[in-house]
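Working notes for the structure below.
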Amino acid sequence: MVLLAVEPGIPLVEITGGEPLLEKQVPELCRRLMERGLEVMIETNGSLDISVLPDGVRRIVDCKLPDSGMADHNLRSNFTNLTELDEVKFVISSRRDFDYAMEFIRD
């Protein structure tokens with residue numbers, strides 16, 4: 001069970017750190033925060049299914065690029081599940097990463 005105490009006047013909560021979707025209670029936490037009228041954002045590394053999150057959560061999904069050594073960990077279905085609320089984050093380290101990101105965006 002997720003228990004919450006939210007200070008009055010806090011309009012926005014961002015959940016991040018490590019990989020928040022590893023915590024099974026995060027979708028419920030998001031739902032309860034939104035029920036209290038807060039805008040909820042979650043930053044994820046993109047390797048786990050974002051469809052478990054309630055509608056209305058702003059999802060910031062990392063797209064891992066070749067120089068990170070983690071590009072094979074991108075869960076491609078996450079990018080087809082994005083809404084107008086959501087964002088994709090690229091951390092570009094080289095021209096190769098830039099070119100990969102541009103092709104990814106085009107696709």
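The values are calculated or read from the model by the stated rules, or taken from the named source; none is laboratory data. Keep in mind the model is a prediction, meaning the values are calculated, not measured. Reconstructed Cβ throughout: ideal geometry from the backbone, glycine too, with neighbour counts over all protein chains shown. Heavy atoms of the whole protein, side chains included, go into the accessibility calculation; ligands, DNA and RNA do not. Shrake-Rupley method; radii C 1.70, N 1.55, O 1.52, S 1.80 Å.
Taken over region 1-40, the residue count meeting the criterion of being at pLDDT below 90 and open to solvent by less than 60 Å² (accessible area, probe 1.4 Å) is 4.
Here region 42-67 is the region considered, the condition is being open to solvent by 30 Å² or more (accessible area, probe 1.4 Å) and of a type in the set (A, V, I, L, M), and the residue that is nearest to PHE104 (Cα to Cα) is LEU48. Here's a check for you: in region 92-107, which residue that is surrounded by 15 or more Cβ atoms within 10 Å (Cβ to Cβ) and not hydrophobic (A, V, I, L, M, F, W, C) is nearest to LEU75 (Cα to Cα)? The residue in question is TYR100.
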